There are 2 protein chains.
Amino acid sequence: MLAANIHRMARRREQTHARLVDTGLRLFAAQGYDATTVAQVAAAAGVTEMTFYRHFATKQDLVLDDPYDPLIESSIDQQPPGLDPLTRVVRAFRAVWRNLPESGNDDVRTRIEIIVATPSLRAGTWATTERTQQMLVDRLEADGTDRLSAVVATSVVLAALNAALLEWGRAGRGPLGPVISAALDVLEPRHG
Amino acid sequence: MLAANIHRMARRREQTHARLVDTGLRLFAAQGYDATTVAQVAAAAGVTEMTFYRHFATKQDLVLDDPYDPLIESSIDQQPPGLDPLTRVVRAFRAVWRNLPESGNDDVRTRIEIIVATPSLRAGTWATTERTQQMLVDRLEADGTDRLSAVVATSVVLAALNAALLEWGRAGRGPLGPVISAALDVLEPRHG
DNA sequence: GCGATGAATGTTAGCCGCTAACATTCGAGC
DNA sequence: GCTCGAATGTTAGCGGCTAACATTCATCGC
């Protein structure tokens, strides 16, 4: 009965939210992101355009949604502070990936495919990662890393992950794990 | 008399273009990018909104303009193909920077400061770099580098440069060269 | 049960980025 | 001077997004 106690009002909101995400991703995938109107998505979800914007700040946000920061945060804290910043961030993400259930839902695939096909979304991805980057930079600076090195190390690793995701989306159907791993190997070659 | 023979018609176009850039950067810097309307910039430049869009595809493009690709292209070709892709791209950019006149115009500073202050522009930067990245990836693949490594190596280096530019913009007045150099050092530590 | 409260949604109006189609000015060359 | 074409102007409209106000509807105290 987990989460059965949440108020029905909140449930109602979650339901429309989920309906918007489902119909949105479906329409974007079917007829293209740019060719799909927010009004269309809203109508197909049985709701008003205004309600759409009450659930997503922008049209992009329906596609670019990722609440993985907490996982990353705890992972970076568990890395030994003696390492150089780049290696440290790389290993933090390796650990995050090891502890993640392989793939989870298929939405991820759909999302990435939409992003791959849409230039404006590819750019928009970076707005999303800025939060993550800021968090990582704070962590590194707290341990004495100078600001420039911290900023460069984090933005570089996030760029590698992003590139890996896009490549994974462009290629046919395969597991994501090895692609991520190979991308990080470019920054920290495996010695062995 | 260099370039004196270009038709006056083309000169006229260049002049309005320059006027748009000047007034645009001035207004963006003074009252903020988002708070400034394309119509305002056009009017201040003594021109119509439509003319603005005949010179720049989007509002962003007035700020995000960089024709450095040719320099980079020749530099990547001069790197020995034996190196691993990351080192190769890093060294190519080190060389580009050595051969560049220190700083040049002050527009760069203004542009970066506007970008630093405007989230949507920070994201938009990546749309611009996609062209550069594609070119670099093609070069690397031509020499036998596998696609993923090529994509990751280039996107990572471009991310480092971008981070360096933003940090330089955030900090007070100093030369850009050392910041770029230090950023690249994160990816290829100096041995000596 | 019933009314009151507040959350979720609806309605309307409008700004701004951007595009298309058509009209106009203005410089270059005969 | 006239003609051609490039640069600019005009008008109309779509789509993303916001603000201000109205409405439905589930919950809670009574």
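The values are calculated or read from the model by the stated rules, or taken from the named source; none is laboratory data. This structure is a prediction, so every number in the text was calculated from the model and none was measured. A quick note on method: Cβ atoms are made from the backbone with ideal geometry, for glycine too, and the neighbour counts reach across all protein chains shown. SASA here: full protein model, heavy atoms, side chains in, ligands and nucleic acids out. Shrake-Rupley method; radii C 1.70, N 1.55, O 1.52, S 1.80 Å.
Pop the C-beta distance of B:Gln31 and A:Gln78 into the FRET formula with R0 = 56 Å and round what comes out to the nearest 0.05.
Details: r = 46 Å, r/R0 = 0.82.
With R0 = 56 Å, the Cβ-Cβ based efficiency is 0.75.
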With respect to the axis carrying B onto A, what is the closest chain B residue by Cβ position, and how many angstrom separate it from the axis?
B:Ala159, 2
Nearest 10, in degrees from 0 to 90: the angle of helix B:107-116 to the longest Cα principal axis of chain B is 80 degrees
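How large is the dipole of the protein assembly as shown about the Cα centre if only Lys and Arg carry +1 and Asp and Glu carry -1, each at its Cβ, rounded to the nearest 20 debye? Write down the numbers at each step before the final one.
On the way: 42 positive and 46 negative charges, 160 e Å.
The calculation lands at about 780 debye.
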Cβ-vector label at 7 Å, B:Arg11, separations to other copies in nm
7.6
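Apply the a/c threshold of 1.5 to the C-alpha gyration tensor of the range A:8-63 and tell me whether it is rounded, prolate or oblate. Don't skip to the answer; put the middle values down first.
Working: a/c = 1.96, a/b = 1.78, b/c = 1.10.
Prolate.
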Accessible surface of A:Arg13 - all protein chains present, 1.4 Å probe, nearest 10 Å²
120 Å²
Could you give, in nm with one decimal, how far B:Arg54 is from each other copy of that position, shortest first, with labels 7 Å out from Cα toward Cβ?
4.5
Expressed as an acute angle from 0 to 90° and rounded to the nearest 10, what is the orientation of the C-alpha long axis of helix B:8-31 relative to the principal long axis of chain B?
80 degrees
Hey, what's the range B:69-187 come to in accessible area per residue, 1.4 Å probe, Å²?
43 Å²
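Per the Kirkwood formula on distinct C-alpha pairs, the Rh of the range A:39-83 is how many angstrom? Don't jump to the answer; show the numbers that get you there.
On the way: mean 1/r = 0.0754 Å⁻¹.
The answer is 13.3 Å.
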Give me the inter-chain shielding for A:159-166: mean count of other chain Cβ atoms within 10 Å, whole number please.
5
Calculate how steeply helix B:147-170 sits against the longest principal axis of the alpha-carbon atoms of chain B, using the helix alpha-carbon long axis, and give the answer as 0 to 90 degrees to the nearest 10.
50 degrees
To the nearest 0.05, the calculated FRET efficiency linking A:Val108 and B:Ala39 through their beta-carbon distance, R0 being 56 Å, is 0.85
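So, with a 1.4 angstrom probe, what is the percent of accessible area on the range A:22-164 that is carbon and sulfur? Don't skip to the answer; put the middle values down first.
Working: 3370 of 6520 Å².
Looking at the range A:22-164 in its full context, I get 52 percent from C and S.
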Treating only the Cβ of Lys, Arg, Asp and Glu as charged (+1, +1, -1, -1), what charge dipole size does the range A:8-63 show about its Cα centre? Round to the nearest 20 debye.
340 debye
A:Leu176's amide H: which non-local residues (gap 5+, or another chain) put their own amide H closer than 5 Å, with H modeled 1.01 Å from N in plane and none for Pro or chain starts?
none
Using only the Cα atoms of the protein assembly as shown, each taken as one equal point scatterer with no solvent, compute I(q) by the Debye sum, divide by I(0), and report log10 of the ratio at q = 0.06 Å⁻¹.
-0.27
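What FRET efficiency would be calculated for the residue pair A:Leu71, B:Ala171, taking the C-beta separation as r and a Förster radius of 35 Å, to the nearest 0.05? The partial results should precede the final answer.
Working: r = 32 Å, r/R0 = 0.90.
According to the calculation, E is roughly 0.65.
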According to the Kirkwood expression over distinct Cα-Cα pairs, how big is the hydrodynamic radius of the range B:37-192, in Å?
17.1 Å
With unit charges on the beta carbons (Lys and Arg positive, Asp and Glu negative) and the dipole taken about the Cα centre of the protein assembly as shown, which residue among B:Ala43, B:Ile180, A:Ala29 sits farthest to the positive side?
B:Ala43
Shortest first, in nm, what separates the label point of A:Asp138 from those of the same position in the other copies (7 Å along Cα→Cβ)?
4.3
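Just the number, please: buried accessible area between A and B, total of both chains, 1.4 angstrom probe, nearest 100 square angstrom.
So the buried area, both faces added, is about 2000 Å².
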Taking the alpha-carbon centroid of each part, what is the distance from the range B:148-187 to the range A:91-164 in angstrom?
17 Å
